[in-house]
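Structure, as structure tokens:
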Amino acid sequence: MAEEGTLRPYIAIDTFSGFVDAHVAHEVAARGKTTQGKFYKSIFSDNSQLWFDTTMRHEGITNVRSVAADITRFDFDTAGPIAFCLLDVDLYLPIKDTLPKIFAQLSSGGIIVVDDCQPNSVWDGALQAYQEFCAEQGMSIEIHQKKLGVIRKAA
Ligand SMILES: C[S@@+](CC[C@H](N)C(=O)[O-])C[C@H]1O[C@@H](n2cnc3c(N)ncnc32)[C@H](O)[C@@H]1O
């Protein structure tokens with residue numbers, strides 16, 4: 001966005017401490033990821049909001065606001081209208097929960113990109129949540145680069 005000269009407000013939401021325990025438990029108990037539980041609990045746990053904000057300042061980027069939160073608890077009604085959203089939280093439950101909330105705030109012509117929509121992978125909960133949302137909305141599946149699930153709101 002900075003390189004393109006886009007100065008629209010951008011909200012970056014992350015727990016900054018990795019996955020939520022209940023979301024990991026669902027992958028293990030309901031989605032058969034029995035051997036990946038420890039991996040999910042350790043990865044991304046050393047993230048830091050301070051590092052993120054410092055990097056933005058260092059790069060002279062002033063239109064990004066970081067929010068430390070579980071996205072399933074974030075009030076998306078305060079964030080709209082949304083032109084573009086990269087939804088990159090990897091697991092089934094947080095994507096299943098938030099896609100309808102984000103879509104409700106999406107502008108006409110807006111786009112959501114769901115990362116990691118790959119079958120038979122450690123992140124395939126993203127694909128399941130994406131496919132279910134498209135089916136519920138009667139939308140076509142549109143996956144680019146073998147992993148980027150696209151959702152569009154008609155202009
Ligand atoms: C693959 S990383 C992507 C981060 C960022 N998009 C990037 O490319 O640097 C997944 C991120 O999702 C965050 N995350 C996982 N579950 C979350 C949740 N329920 N709410 C907010 N953030 C979450 C993790 O902390 C991790 O930083």
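The values are calculated or read from the model by the stated rules, or taken from the named source; none is laboratory data. Keep in mind it's a predicted model, so treat the numbers as computed, not measured. Heads up, the Cβs are rebuilt from the backbone with ideal geometry, glycines too, and the neighbour counts pull from every protein chain shown. In case anyone asks, the SASA skips ligands and DNA or RNA and just uses the protein heavy atoms, side chains included. Shrake-Rupley method; radii C 1.70, N 1.55, O 1.52, S 1.80 Å.
Here are the numbers for the structure shown:
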item	result
Binned Cα-Cα distances of the stretch 103-150, short to long, each 10 Å bin given as a whole percent	28, 55, 16, 1
Over the chain: helical MRE at 222 nm, DSSP H runs n ≥ 4 each giving -39500 (n - 2.57), nearest 500	-10500 deg cm²/dmol
J(HN,Hα) series, the stretch 105-117, from Karplus relation 6.51 cos²θ - 1.76 cosθ + 1.60, nearest Hz, glycine and proline x	9, 6, 5, 4, x, x, 9, 10, 10, 9, 7, 6, 7
Alpha-carbon centroids, the stretch 125-155 and the stretch 3-68: separation in whole Å	21
For residue 2, distant residues with modelled amide H under 5 Å away	none
Accessible area, probe 1.4 Å, largest first, for residues 98, 34, 55, 6	34, 55, 6, 98
Built amide H within the under 5 Å cut-off of residue 47, gap 5+	18
Under 5 Å, built H, 5+ apart or other chain: amide partners of residue 106	82
Heavy atoms of residue 84 accessible to a 1.4 Å probe, total area in Å² rounded to 10	110
Estimated translational D of the stretch 1-123 in µm²/s (Stokes, Kirkwood radius over Cα pairs; 25 °C; 0.890 mPa s)	155
Potential lengthening between residue 4 and residue 31 on full extension [0.36 nm per residue; Cα-Cα distance subtracted]	5.7 nm
Average Cα contact separation per residue, the chain, under 8 Å, 6 or more apart, as relative contact order %	21
Low-density loop positions, GluC sites (Glu not before Pro), the stretch 1-100 - DSSP coil, at most 10 other Cβ in 10 Å	3, 4, 59
